[in-house]
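Trainee: Input: one structure, supplied below.
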Amino acid sequence: MPNTVRTSPTPGTEPSSATVEAQAWVTVGSVSFRYGAAPVVRDLSFTLGKGGFLTLLGPSGCGKTTLLKLMGGYLIPSAGRIGLKGREITRLPPEKRNTGMVFQNYALFPHLSARRNVSFGLEVRGVSRAICQDRADAILERVGIAPAERDRRPAHLSGGQQQRVALARALIIHPDLLLLDEPFANLDRHLREQLRSELRRLQQETGVTTVMVTHDQEEALAVSDWIGVMNNGRLLQFGTPREVYDRPRTAFVARFLGDANLIDGVLFGHPLGSVVMVRPERCVVGLDAALHRRRWSAQVRSRAFLGPDVVVELESPNRPTIRARYRPLAPHDRRPQLDVGIPDDAAWLIPEADAIP
């Protein structure tokens, strides 16, 4: 079933489909795409409001980058329509959509300086060289490229600097929609975290509507207003990061958005065939486990040290084997047996039974 994002409802209200359409800045309606006979995107629908930051999240090959290229005009849908600012753009070429795109490999011109790479989009629109240079310097300043680095060619820039130049090139045209294809994939973890924070700040300052593709769950949770989880060309769930993480519709979504215990629903009083999700960090370990009605003692089958936290795998007869993440009171706690409790509000029934693995 297609999913529709309702971007700006008043709390406690449910807008009509006509209201949603009127509020939408980006509209993807029943879009499908095939490579030959192979379906890559399947009957996918959503809307996104102006200024929103949407991340499309899913495993490699799920169709998320193909969807991004459809929105940018680099591919044409086999079926369905795409709208931007109230006009249909389904078959418009990229240069007529006023969208900015940052590719995974940045796609910078190797023979041009950083400044000329950024100003190129304005130059082809007929803007004078002087104005192009002034605007390029202004946006390069904003993304953190120092004056001494602006005359360097891409080969003489670091990966982080190239990413910033690619982002500046996309932003200088004041796009109606910014598209980001795994923009931090080629960077080390520390730089990824730094740049994604800067990207979020910049996106909020400029108010540019943004769609980003990634397979990094932490990245998606950190920067997004909305997350769309995809698999096999379908949109499995679309909601806020908190909604998708805490209230997944399917077992796949539960597992893809982080570590998840999937427990036979019968143990929680639900019908046979149902599944209950409990996040490891919601499990209570130690003395406080006695405060919860679902509690038991279990053997520690494995223990992983994660800085201040420890992740343990716990097993006991007639109970599910579960993982719990907690902060031990004693830093070198190696007890072979622990009490574990599950708060009532930590258990979430997976509502779509057909999604059980």
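The values are calculated or read from the model by the stated rules, or taken from the named source; none is laboratory data. Owing to the predicted nature of the structure, the values given are computational and were not obtained by experimental measurement. Here the Cβ is made from the backbone with ideal geometry for all residues, glycine too, and neighbour counts use every protein chain on show. Only protein heavy atoms, including side chains, enter the accessible area calculation; ligands, DNA and RNA are left aside. Shrake-Rupley method; radii C 1.70, N 1.55, O 1.52, S 1.80 Å.
Trainee: Where the second residue is at pLDDT 90 or above and among the polar types (S, T, N, Q) and the first is within 21 Å of Pro154 (Cα to Cα) and in a helix (DSSP H, G or I) and lies in the stretch 125-142, which pairs have Cβ atoms under 6 Å and are six or more apart or on separate chains?
Mentor: Cys132/Ser119; Ala136/Ser119
Trainee: How about the stretch 107-137: which of its residues are closer than 21 Å to Gly160 by Cβ and polar (S, T, N, Q)?
Mentor: Passing the criteria: Ser113, Asn117, Ser119.
Trainee: Among the residues that make up the stretch 99-120, is at least one of them over 27 Å from Arg196 (Cα atoms), buried (at least 19 other Cβ atoms within 10 Å of the Cβ) and either of a type in the set (Val, Ile, Thr) or at pLDDT 95 or above (or both)?
Mentor: No: zero hits.
Trainee: Against the definition (within 25 Å of the chain's Cα centre (by Cα) and either surrounded by 13 or more Cβ atoms within 10 Å (Cβ to Cβ) or modelled with pLDDT of 90 or more (or both)), how does Gln162 come out, yes or no?
Mentor: yes
Trainee: Another question, then. Are there any pairs, at least 6 apart or on different chains, whose C-beta atoms fall under 7 Å, with the first in the stretch 190-209 and free of Cβ contacts under 8 Å to residues at least 40 places away in the same chain and the second open to solvent by less than 70 Å² (accessible area, probe 1.4 Å) and among the polar types (S, T, N, Q), and if so, which?
Mentor: Correct list of pairs: Leu195/Gln163.
Trainee: Within the stretch 315-331, track down each residue that is open to solvent by 100 Å² or more (accessible area, probe 1.4 Å) and within 36 Å of the chain's Cα centre (by Cα).
Mentor: Within the stretch 315-331, Arg319, Arg327, Leu329, Pro331 meet the criteria.
Trainee: Quick one: which residue in Val340, Val312 is buried (at least 18 other Cβ atoms within 10 Å of the Cβ), touching a helix residue (DSSP H, G or I) at 6+ places or on another chain (Cβ under 6 Å) and either assigned to a strand (DSSP E or B) or free of Cβ contacts under 8 Å to residues at least 12 places away in the same chain (or both)?
Mentor: Every option except Val340 fails the conditions.
Trainee: Another question, then. Is it true that Pro147 is open to solvent by 70 Å² or more (accessible area, probe 1.4 Å) and in contact with a Lys or Arg (Cβ under 8 Å, 6 or more places away or on another chain)? If you could, list the steps in order and put the result at the bottom.
Mentor: Details: open to solvent by 70 Å² or more (accessible area, probe 1.4 Å): yes; in contact with a Lys or Arg (Cβ under 8 Å, 6 or more places away or on another chain): no.
Here the answer is no, as Pro147 does not meet what is asked.
Trainee: Only one of these conditions is not met by Ala324: (1) touching a Cys at 6+ places or on another chain (Cβ under 6 Å); (2) closer than 30 Å to Leu56 by Cβ; (3) of a type outside the set (D, E, K, R). Which number is it?
Mentor: (2)
Trainee: Still on this model: So, in the stretch 173-197, of the ones that are touching a Gly at 6+ places or on another chain (Cβ under 7 Å) and at pLDDT 85 or above, which residue ends up surrounded by the most Cβ atoms within 10 Å (Cβ to Cβ)? Please lay out each step first, then the result.
Mentor: Going residue by residue through the stretch 173-197, those that are touching a Gly at 6+ places or on another chain (Cβ under 7 Å) are 173, 175, 178-179, 186-187, 191, 195.
From the residues that got through so far, the ones that are at pLDDT 85 or above too are 173, 175, 178-179, 191, 195.
Values: Ile173: 18, Pro175: 19, Leu178: 22, Leu179: 26, Leu191: 15, Leu195: 21.
Taking the candidates together, the pick is Leu179.
Trainee: If you check every pair at least six apart or on different chains, which have Cβ atoms under 7 Å apart with a residue in the stretch 66-78 that is closer than 16 Å to Gln104 by Cα first and a residue that is polar (S, T, N, Q) and open to solvent by 10 Å² or more (accessible area, probe 1.4 Å) second?
Mentor: Within 7 Å, the pairs are Gly72/Thr99.
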